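All remarks here apply to the structure that follows.
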Amino acid sequence: MSEFSADSLAAHLVAALPPSRVSRLRLERGATLFSQGDPASAVYVIEAGQVRLSRILADGAELILYVAGAGESFAEASLSATHYHCDAIAETDAVVLALPKADLFTLMTTDPGQGVAFAVALASQVRDLRTKLELRNVRSAKERVLAWLRLHATGDPPRALLNRSWTLIAEELGLTREAVYRALAMLERERRIARHDGGVTLVSQVTPRS
C-alpha cells in the first residue's frame, strides 16, 4: 500500500485492515466510482488523483460537495447508511482503495483506538464543512475569493497553492467561474494578490488603487 501521513484517518484505516481485504481500483478521468442511491458497501481512500463528490439537483445542476485528493478518505457516511447519498466521479485519473464497510464495522467495535481516531477525523471534517459554509455567506465575490485564498495560504509571504482548477474552486465557493476570474483580476489590480503558475501570493499592507 502507499504511505500516508501517520496522523491521517486514511492511514489508520488502511493499516488496520488486512491487505487481502483492501481492493485497489484504477479510475480514468470522468469514471463513476458510485452513484447516488447505490448500496453503500465501502469507504474509500485515494492513493493518487482526485475524486469529486457531488449531487445532481432537481434542475439538473451539479452541486459539488467535496473534491478529495491523495491521502484522503471519503464516503465515511456509508458506515451509517444503506445507500450512498451522492455521486463519486474521478476528477482526474485516480487510484482508489476500497475498504469494505463490514470490515470497518468490526474494526471500530474491536479496537477503541480506531474508533476514537475515526471520531476525531470526522470532527475535523465537520469543522472544514462549516468553514466552507461561512465562506458562502460572504456576499462580495471578491471578498469571498480573498477569504478562500487566506484560508489556503501558507508560508511567508502567504501563498495559496492550487491543486485543482478554478472551475472547481468556483463551484466550491458557490460562484461562476467568470465571477471568480473577475474577482481575481480586481484583487490583482488592487495589488492585494500576485498570481503566478500554480498559485497565488497574498500581498499585505498595500493601499488599493483608486
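The values are calculated or read from the model by the stated rules, or taken from the named source; none is laboratory data. Computed from a predicted model, the values in this text were never measured in an experiment. Heads up, the Cβs are rebuilt from the backbone with ideal geometry, glycines too, and the neighbour counts pull from every protein chain shown.
For region 25-44, does any single residue satisfy the condition of being in contact with a helix residue (DSSP H, G or I) (Cβ under 7 Å, 6 or more places away or on another chain) and not in a loop (DSSP other than H, G, I, E, B)? Checked region 25-44: at least one residue is in contact with a helix residue (DSSP H, G or I) (Cβ under 7 Å, 6 or more places away or on another chain) and not in a loop (DSSP other than H, G, I, E, B).
Any residue in region 95-112 that is modelled with pLDDT of 90 or more and within 30 Å of L175 (Cβ to Cβ)? So that I can check it myself, show each step before the final result.
Looking only at region 95-112, we keep the residues that are modelled with pLDDT of 90 or more, and these are 95-103.
Okay, now just the ones that are also within 30 Å of L175 (Cβ to Cβ), so 96.
Taking every residue of region 95-112 in turn, at least one turns out to be modelled with pLDDT of 90 or more and within 30 Å of L175 (Cβ to Cβ).
Looking across region 161-200, the residues that are assigned to a loop (DSSP other than H, G, I, E, B) and not small (G, A, S) come down to L162, N163, R164, L175, T176, E190, R191, R192, D197. Would you confirm whether or not region 159-181 contains a residue that is farther than 30 Å from D93 by Cβ, surrounded by 12 or more Cβ atoms within 10 Å (Cβ to Cβ) and modelled with pLDDT of 90 or more? No.
Residue count for region 56-111 satisfying the condition of being aromatic (F, W, Y) and surrounded by fewer than 16 Cβ atoms within 10 Å (Cβ to Cβ): 1.
Among the residues of region 144-154, are any at pLDDT below 90 and polar (S, T, N, Q)? No, region 144-154 has no match at all. When region 17-35 is filtered for residues that are over 18 Å from the mean Cα position of the chain (by Cα) and surrounded by 12 or more Cβ atoms within 10 Å (Cβ to Cβ), the ones remaining, listed by number, are L17, R21, V22, S23, R24, L25, R26.
Just one of the listed residues (T167, T154, T131) is among the β-branched types (V, I, T) and assigned by TED's automatic domain parsing to the domain that holds G49, namely T131.
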